[in-house]
Each structure stands twice: as C-alpha cells, then as structure tokens.
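S.K.: Could you have a look at this structure, given as structure tokens, before my questions?
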Amino acid sequence: MLAEQPLPDIQLEFPFATMTFGELGTYKLHALVTNRELDGAELIAWHRKRCGKSEEAHAVMRNDLAGGILPSARFGRNAAWWTIMLLAFHLNALMKRLALGGWWVTARMKAIRRHIVCVAARVVAHARQVVIRLSHSHPSTGLIHEVRHRIRALAPGPSG
C-alpha cells in the first residue's frame with residue numbers, strides 16, 4: 001500500500017500506475033514480463049534476489065571504466081568509445097571469473113588495479129623473450145603467478 005495517501009478533496013497524481021481497492025487503500029502496480037517458465041512465486045523470489053545488480057553494473061561502467069563521460073560531441077566517436085568500454089567490461093567480468101575466481105569475482109576495478117595491475121615490476125627483453133621480474137616479497141606475487149597459470153590453462157592445445 002502507498003505510504004502517503006491523498007488528502008481529502010485533492011486529487012493526487014502519481015507518475016506510476018496505481019489501483020484503488022476501496023477501504024483497503026491505493027496500491028502501486030508492478031509487472032514482471034519474462035520468457036522464463038517459473039511459478040509466479042518463484043519468479044518474484046528470483047527477481048528480488050537480483051535486486052540492485054543492474055545498478056551495480058551501471059556504476060562499474062560509469063565510474064570504473066570511464067563510461068560516464070563521453071569524449072566527444074560526435075555520435076559515432078561516442079558509440080566507438082561506448083563499444084570499447086563494453087568490451088572492457090565484459091573482458092573484466094570474464095577474467096575475474098575464469099582467471100581470478102574466489103572473492104575477486106565481485107571485486108571492483110580499483111581493487112584489481114591496486115593488487116594486480118599496478119604492481120611494480122621490471123620488464124626485461126633478453127634472448128627473444130620478454131620477462132617480467134616481480135619482487136618475491138610483494139604480497140601479490142603469488143596471486144599473479146596463479147592467475148598466469150590459469151590464463152595459460154585456458155588456451156586451447158595444439159590442433160591435429
């Protein structure tokens with residue numbers, strides 16, 4: 001039921017659909033449209049469990065991946081920017097699931113940047129190889145080695 005009822009002799013208009021049930025009061029109407037084949041109660045429970053996830057995804061795109069401020073006044077350039085940002089969003093989500101796992105799946109980009117991306121290292125090119133030297137005592141060194149092995153395990157084996 002709506003918390004604020006209209007005052008007598010004043011018609012209150014809401015920006016959403018409502019229905020009045022006599023003495024029971026005025027209620028706000030909600031609808032769920034889906035292609036899922038669930039019982040009504042199960043569908044409502046599923047929907048309520050998802051509450052807030054789309055807002056969280058939008059916050060990550062806007063704040064963590066620079067989707068909040070478009071770089072140009074031109075539609076095509078902004079569309080390209082948005083597409084690149086969406087690719088980064090999905091790659092980030094995929095790598096968190098497949099390579100990092102654990103609590104990293106829900107971690108924001110700031111935590112990943114702090115623990116994995118912005119770790120001091122030395123890049124050495126020698127004998128046709130590029131080697132990244134990490135400090136053995138850094139807390140993230142073990143995690144970076146584990147992530148590297150998980151990423152290598154994702155690569156398909158030789159064909160034929």
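The values are calculated or read from the model by the stated rules, or taken from the named source; none is laboratory data. None of these values were measured; they are calculated from a predicted model. When we count neighbours, we look across all protein chains shown, and the Cβ atoms used for this are built from the backbone with ideal geometry, even at glycine.
S.K.: Which pairs have Cβ atoms under 6 Å, sit 6 or more apart or on different chains, and link a residue in region 119-130 that is surrounded by 10 or more Cβ atoms within 10 Å (Cβ to Cβ) to one that is small (Gly, Ala, Ser)?
M.R.: Final answer for the pair search is VAL119/SER140.
S.K.: Could you look through region 27-56, keep only residues that are more than 28 Å from THR106 (Cα to Cα), exposed (fewer than 11 other Cβ atoms within 10 Å of the Cβ) and of a type in the set (D, E, K, R), and pick out the one that is nearest to the chain's Cα centre (by Cα)?
M.R.: Among them, the one singled out is GLU37.
S.K.: I'm checking my understanding of the structure. Among residues of region 74-112 that are of a type in the set (S, T, N, Q) and exposed (fewer than 13 other Cβ atoms within 10 Å of the Cβ), which one is farthest from ILE151 (Cα to Cα)?
M.R.: THR83
S.K.: Which of the residues belonging to region 57-95 are more than 25 Å from ALA107 (Cα to Cα) and either in a loop (DSSP other than H, G, I, E, B) or hydrophobic (A, V, I, L, M, F, W, C) (or both)? I'd like the intermediate steps shown before the answer.
M.R.: Filtering region 57-95 for residues more than 25 Å from ALA107 (Cα to Cα) gives 71-80.
PRO71, SER72, ALA73, ARG74, PHE75, ALA79, ALA80 - these are the residues of region 57-95 that are more than 25 Å from ALA107 (Cα to Cα) and either in a loop (DSSP other than H, G, I, E, B) or hydrophobic (A, V, I, L, M, F, W, C) (or both).
S.K.: So, LEU86, is that one modelled with pLDDT of 90 or more and within 14 Å of ASP64 (Cβ to Cβ) or not? So that I can check it myself, show each step before the final result.
M.R.: On the way: modelled with pLDDT of 90 or more: yes; within 14 Å of ASP64 (Cβ to Cβ): yes.
Here the answer is yes, as LEU86 does meet what is asked.
S.K.: Continuing with this model, one more query. Consider ALA79 against the criteria (1) without any contact (Cβ under 8 Å) to a residue 40 or more places away in the chain; (2) touching a Lys or Arg at 6+ places or on another chain (Cβ under 9 Å): it satisfies all of them except one. Which criterion is unmet?
M.R.: (2)
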